Structures are given as C-alpha cells and as structure tokens.
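Can you keep this structure in mind? I'll have questions shortly.
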Amino acid sequence: MLSSILPTRILIVEDDEDDFLIIEACIRDIPEKKFLIEWCYEYDEALKRIGEGHYDIYFIDYLLGERTGLDLLRDAISRGCEDPLVLLTGIGNREVDIQAMTIGAVDYLVKSEINTEKLERCMRYALERSAYIKALRANERKFRNIFERSKDAVFLAGDRLVFKDANSATSDLFKYNKEDLQQLSLYELFARREAAEALQTRLQQKGEVEDVEVELLTRNKEKKNCILSISRQSDPSGETYIQGIIHDITNLKRIERATFQIEKLRSTATLLRTLAHEVRNPLTNINLSVEQLKPELNSEDANIYLDIIARNCGRIDGLISELLDLSRPAEISLQKAPLQTILDATLLAASDRISLKNIKVELAYPEQPAFIMADMEKLKIAFLNIVINAIEAVPKEAGKIVVSIRNEQANYRVLINDNGSGIPEENLSRIFEPYFTSKTNGFGLGLAATWNILQSHRASIDVNSQLGEGTSFIVSFEQAAAQG
C-alpha cells in the first residue's frame, strides 16, 4: 500500500462533475492513505495548474470541450511537466491508449472500469515510476552539469573517434563549435600521423588508453600539449562508443620549457663569464706585447704581422663582449606602446627582403590598439630576428607570412606564422641558444638576442613547427594597465 506522512496531492481534470465525484470517492476509499483532491474542469486553468507543479499526480479526462486530454498531455509535457499524468476515457480505444503512452502518459484508464483497487494500483505504480524517473533525470542533470562545467575536454565518440557529443571545454580547446566537431575525428586533430596510428592500434588491442601525452592541433593549427585518456564502453543496447577526457597541459609545458631554457642559458652565461675572464687575461698580455714590440721592430713585414695579431685580438675581444652581452638581461626603457605600431615598424625594416622574394604578408590585428609596456626599439629587434628567419625559410614567390595579434584575457599574443621548411624537432629546444644555427652562413645570435629581449619584457615565447609545412612563433605579453 501507499505509505507517506504527507497527503498525496491529486488534480482531477474532468468536465463532468458526476464523474469527478465518482473518481474522488474511489480514491478516498483507498486505505492507509491521506489525499488532497482538487477538481478542475477548464482546459486553460488545468494547464496553468499543471505548470505550477503543486500536485503529485494528475487524472485527465479525454473529452475537455473543444480540445482533448491528448492535447493537454502534449501541452503539459512540452512545458516541462515531470509529474505522472493519467488519461481517463469513457470508452476503451486502443489507438487513443497508444497515443497517450507515446506522448508521455504513465497510464490509461477506462472510467467505466475504474474501482478502488485499480486506482490504488495505478497511483502506486505511477508515483513509484515518477520518483524513479525524477531521480534519473536529477542524476542526468547533475552529471550533465559536471560534463558541461568541467575545465577538461570531455567527449563521446564513435569507433573512428568521430565526436558524438562534447562539452564546452572541448570546443574552447579546439576552437570548433559542437556541430563542426561532430564532423571530425579526433585522429584528424593529431599533430603527428604516427601518433594517431599508434593510438588507434593500442585502442583496438586494449580497449583503453590512459594518461598518454599527445600533441593536438586547433582549428588555427595551433599545437596543444595534452594528456589523453579514452576507453571503449557499451550502452544497454550493446552498441559500443568511446568516452574520453583531454587535459590541456600546454601552459605547463611552456613554463617547463621556459624554465629549462632559463636554467640552460644561466649555466651558459656562467661558463661564458668564466671563459671571458680566462681568455681576456692572456689576450691583454698579447696586446701589450704587440704594443711593446712595434717601436722596436722597424721591419715592414714584422709590422704587417703585428697588425694582424692586433686586429684578431680586437676581434676576439669583440666576440667576448658580444657573448657577455647575451648572458646579461637586456637593458630596456619601458613605455606604453601598441603592438600594431611595433610590428608595422618591424615589417617595414624587413620590406626589402620581403620584396626580393616576393613574399605575401598577411596582417590580422584587432581594431583597438593592443597596448603593452615595451622598449619599442629593442622589441623591434626581437621581432625582426623572427621575421628574418621566416623570410629565409619560405620559398621564393610562394612564401607566405601571417602576423596576427590576439586578445586573450589579460594577455596579448603575437603569432608569426610562415609556410617555410619547418624546424626539425631535435633543434626546437636549442634555437634560442647562443651560436646554435642550422644555417651555413649564420652565427646563431639572432634568436638568442630575441630571447634575451623578451625575457627583459617578461614575455614568453613558444615555437610550433612541422617539417615541410611551416613554423609558428607565439609571443605572449601582459596587457598594459589602463590609465585612470
């Protein structure tokens, strides 16, 4: 029997008062249960009361003037009614029964067959089923809320890892909306084909992959370092699907690389200062000896050789000074300046080189000035070194360089992309080291100077590159504080 401390609240929607009284009497005859029963005979009033949700169960007559109980069922459910709705009819009709259950009624009763026992059983099953469904829906809302609010990308996919459903974080990570994602496979977003193939093999063999580090590409071809966990699951019908979580560790990896680079350059700087000290001492002695010998040797040949020694000593001394400059933080004078102006000046300085190779340059700037605190001349040198590298990497006539500025929360990001030959992965971690170069006629000082200048600006720099496709330099600056 139904057992509850509070009375069960019932609304009977019936245009015939006699039928209402009969149904009410049958309900009140149910033992060990209290009821609060109300009557409504108008369609619009009934719809209003159902919408208010003050009742536990509703009995709805099929005939309600110009409209039917089926219409009321549709309207009530379309307005979000989750409480049990029971359709009442004067004559049994299988077609009406099927329609009512399809729309969402929990039961269908013929009024001529109603008695206390049938009503008790109908209400008990309806209220138990309603409580079960409400609990399911509450859980679904709870987990949907967790799904949508998760800062990690959470998704469901088919066997080929084509997205079926994904939360907002997935769209934010890859820069695709949900509709576009449903046309994509996760395999298509891998930066390296061999990594996608390895994942596919492992998933087929084990049915799951846990905490594997992967590189994925956004819609803008920006590389993201991620931790991926996926597993194959089955639904109650036996169909399989893939569920997965992607944790973006791009910023963490960027910080790790920057920290490693700083430590490496710090060690290099210590070594350079030691070498400079050790080399300059004998170099000074050589210079002093040359100066002493010159007045004593009147031979023209001897003076020629002494001049060679002096010039090369000066060259070595200059190289030592250059190395020491790279090992120290760049001295800068900061003022508020728009990135657009700095980048335009950089491209103007490189315009001759750009014209000689007939390179196409595209700009993507925000409409509003992107103000940062900068030493404009020093920053122009830093950007110029990157642009010159891009110019040298792209093919003649078909070369393309895209310079863009993005506003991302409290930072501005400058992206310099090219369609050049790319940088081998083993060289990426070394490109900012002094004297490291892969060019036959290069000295390896340009990007080292760029790193030094950007460090002085408290800016971060990251590089993504794919052999045969091109390279992207990403530089992030703090936005200048607005003046009050």
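The values are calculated or read from the model by the stated rules, or taken from the named source; none is laboratory data. These figures come from a predicted structure and were not determined experimentally. Cβ coordinates were reconstructed from backbone atoms using ideal geometry, including for glycine residues, and neighbour counts include every protein chain displayed. Just the protein is used for accessible areas: all its heavy atoms, side chains included, with ligands, DNA and RNA removed. Shrake-Rupley method; radii C 1.70, N 1.55, O 1.52, S 1.80 Å.
Are any residues in the stretch 201-214 buried (at least 17 other Cβ atoms within 10 Å of the Cβ) and in a helix (DSSP H, G or I), and if so, which ones?
203
Out of contact with any helix residue (DSSP H, G or I) (no Cβ under 9 Å at 6 or more places or on another chain), in contact (Cβ under 8 Å) with a residue 12 or more places away in the chain, among the acidic types (Asp, Glu) and open to solvent by less than 60 Å² (accessible area, probe 1.4 Å): which single residue out of 17, 24 fits that description?
24
Right, another one. Go through (1) open to solvent by less than 30 Å² (accessible area, probe 1.4 Å); (2) at pLDDT below 85 one by one and return the number of the condition residue 475 breaks.
The one condition residue 475 does not meet is (2).
Inside the stretch 32-60, can you point out the residues that are β-branched (Val, Ile, Thr) and under 48 Å from the mean Cα position of the chain (by Cα)?
50, 57 - these are the residues of the stretch 32-60 that are β-branched (Val, Ile, Thr) and under 48 Å from the mean Cα position of the chain (by Cα).
Still on this structure: Restricted to the stretch 176-190, and to residues that are aliphatic (A, V, I, L, M) and within 9 Å of residue 163 (Cα to Cα), which residue is surrounded by the most Cβ atoms within 10 Å (Cβ to Cβ)?
Looking at residues that are aliphatic (A, V, I, L, M) and within 9 Å of residue 163 (Cα to Cα), I get 186.
Inside the stretch 19-89, counting only strands (runs of 3 or more DSSP E) that do not spill past its ends, which hold 3 or more residues that are under 18 Å from residue 104 (Cα atoms)?
Filter on the stretch 19-89 gives 57-61, 85-89.
Per-residue answers, yes or no, for (1) over 45 Å from the mean Cα position of the chain (by Cα); (2) of a type in the set (A, V, I, L, M); (3) at pLDDT 75 or above:
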{"position": "228", "(1), (2), (3)": "no, yes, yes"}
{"position": "242", "(1), (2), (3)": "no, yes, yes"}
{"position": "249", "(1), (2), (3)": "no, yes, yes"}
{"position": "263", "(1), (2), (3)": "no, no, no"}
{"position": "271", "(1), (2), (3)": "no, yes, no"}
{"position": "277", "(1), (2), (3)": "yes, no, no"}
{"position": "285", "(1), (2), (3)": "yes, no, yes"}
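I've got another one for you. Considering only residues of the stretch 395-414 that are free of Cβ contacts under 8 Å to residues at least 60 places away in the same chain and open to solvent by less than 20 Å² (accessible area, probe 1.4 Å), which is farthest from residue 223 (Cα to Cα)?
Of everything passing the filter in the stretch 395-414, 399 is farthest from residue 223 (Cα to Cα).
Look at residue 136 and say whether it is surrounded by 15 or more Cβ atoms within 10 Å (Cβ to Cβ) and assigned to a helix (DSSP H, G or I).
no
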